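Accompanying notes for the structure given below.
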Amino acid sequence: MATRNPRFLSDLTAFDLREGGFQTAVLPVGATEFHGDHLPFSTDTIAATAIAERLAQELDGALVLPSLAYGMSLHMMNWPWSLSLRPETLTRVVVDIAESLLAYGITRLLVVSAHDGNPPCIENAARELNDRHGMVVAIFGGWQGLSQRLLAGEWAIDQDHGGQSEMSMTLYAAPHLARPDLAFDLPQQQFDYPVEVRGSFSNVVPHGFSGTPTKGSAEEGAAIIEALAEHVGAFLKNLEANGWTNGSWMSGITIREGERDPRAKAGSRRPAAGSGEL
Ligand SMILES: [Zn+2]
């Protein structure tokens with residue numbers, strides 16, 4: 001039987017939030033797009049939600065928001081049933097959600113994306129929210145590339161679309177939706193190039209997926225989640241300890257009180273960074 005998660009806004013009632021709210025929220029952003037015959041259209045949303053839920057455990061009392069199941073998937077539209085937001089729509093959706101949260105005292109937002117088309121749109125939202133409200137928006141994306149580095153020598157993590165590691169993540173987080181019985185293997189996609197050329201994914205992988213989904217496993221998915229939790233979790237704890245400033249990872253530089261935002265000193269109409277004023 002499904003259980004209620006006290007960190008998920010979608011699971012709570014007003015009663016649960018009456019005694020006090022949250023200062024930090026986590027927004028999972030996925031996609032609805034083609035992943036071959038062997039993985040569901042929700043593959044990226046499943047991954048974003050699983051990673052967000054695990055990272056929220058590393059943050060002290062963060063609220064996990066309902067997952068955004070649509071992303072910027074214009075490069076996937078050559079395959080049927082992929083659904084895409086325009087880049088500017090995704091940016092506006094993130095801004096709208098974040099501005100709603102400000103009214104309830106949430107000034108710190110971690111956005112967890114599991115789809116490559118999303119981060120540029122989220123970054124635009126993050127810069128706007130910080131400039132306008134002093135809200136701090138941290139963005140986590142690229143779970144495949146990071147876990148590939150973290151687990152090198154232990155697991156053969158790939159960066160393929162619809163490949164081994166997305167199969168592993170789905171077998172771990174939503175096994176009832178994976179169809180390993182329909183999987184077959186293709187060459188892995190190569191990512192070692194110095195210049196990004198943006199266009200339809202059909203120019204990259206004619207089948208709409210690549211890699212070796214038949215080699216995916218729930219055990220690999222669990223290893224990915226734990227490696228991300230340990231590595232990203234350590235960073236998030238440091239971020240919290242430093243009051244969620246974008247200088248959190250710089251050592252040896254101390255910002256003295258009053259030096260943090262020169263605009264506040266100058267009496268600008270803009271609120272000081274991190275003040276959370278609307
Ligand atoms: Zn995917």
Do we have residue 100 as modelled with pLDDT of 95 or more and more than 16 Å from the ligand (Cβ to nearest atom) here?
-> yes
Please determine, by comparing only the residues of region 14-39 that are within 10 Å of the ligand (Cβ to nearest atom) and not small (Gly, Ala, Ser), which one is nearest to the chain's Cα centre (by Cα).
-> 33
Count of region 218-250 residues which are in contact with a helix residue (DSSP H, G or I) (Cβ under 7 Å, 6 or more places away or on another chain), surrounded by fewer than 19 Cβ atoms within 10 Å (Cβ to Cβ) and under 19 Å from residue 159 (Cα atoms) = 4
For residues in region 40-50 being under 18 Å from the mean Cα position of the chain (by Cα) and not in a helix (DSSP H, G or I), which is farthest from residue 76 (Cα to Cα)?
-> 42
Counting only residues that are outside any loop (DSSP other than H, G, I, E, B), under 22 Å from residue 142 (Cβ atoms) and touching a helix residue (DSSP H, G or I) at 6+ places or on another chain (Cβ under 8 Å), how many does region 173-217 have?
-> 4
Looking at this structure, is residue 182 aliphatic (A, V, I, L, M), surrounded by fewer than 17 Cβ atoms within 10 Å (Cβ to Cβ) and at pLDDT 90 or above?
-> yes
Scan region 43-78 for residues that are in contact with a helix residue (DSSP H, G or I) (Cβ under 7 Å, 6 or more places away or on another chain) and near the ligand (Cβ under 10 Å from one of its atoms) and jot them down.
-> 43, 46, 47, 71, 76
Can you name the residue in region 1-25 that is modelled with pLDDT under 85 and among the small types (Gly, Ala, Ser) and, of all such residues, is surrounded by the most Cβ atoms within 10 Å (Cβ to Cβ)?
-> 21
Just checking, how many residues over region 168-203 are hydrophobic (A, V, I, L, M, F, W, C) and in contact with a Ser or Thr (Cβ under 8 Å, 6 or more places away or on another chain)?
-> 9
Could you tell me whether region 116-135 includes any residue that is closer than 25 Å to residue 237 by Cα, among the polar types (S, T, N, Q) and in contact (Cβ under 8 Å) with a residue 40 or more places away in the chain?
-> yes
Is it the case that residue 243 is within 30 Å of residue 25 (Cα to Cα), modelled with pLDDT under 95 and part of a loop (DSSP other than H, G, I, E, B)?
-> yes
Exactly one of 187, 175, 180 is farther than 15 Å from residue 38 by Cβ and not β-branched (Val, Ile, Thr), and that one is 187
Inspect all residues belonging to region 145-158 and state whether any of them is surrounded by 14 or more Cβ atoms within 10 Å (Cβ to Cβ), touching a Pro at 6+ places or on another chain (Cβ under 7 Å) and at negative phi.
-> no
Going by the conditions given, is residue 161 within 12 Å of the ligand (Cβ to nearest atom) and outside any helix (DSSP H, G or I)?
-> yes
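The values are calculated or read from the model by the stated rules, or taken from the named source; none is laboratory data. Just so we're clear, the structure is a prediction, and the values are computed from it rather than from any experiment. In this analysis, Cβ positions are derived from the backbone assuming ideal geometry, glycine residues included, and neighbour counts consider all displayed protein chains.
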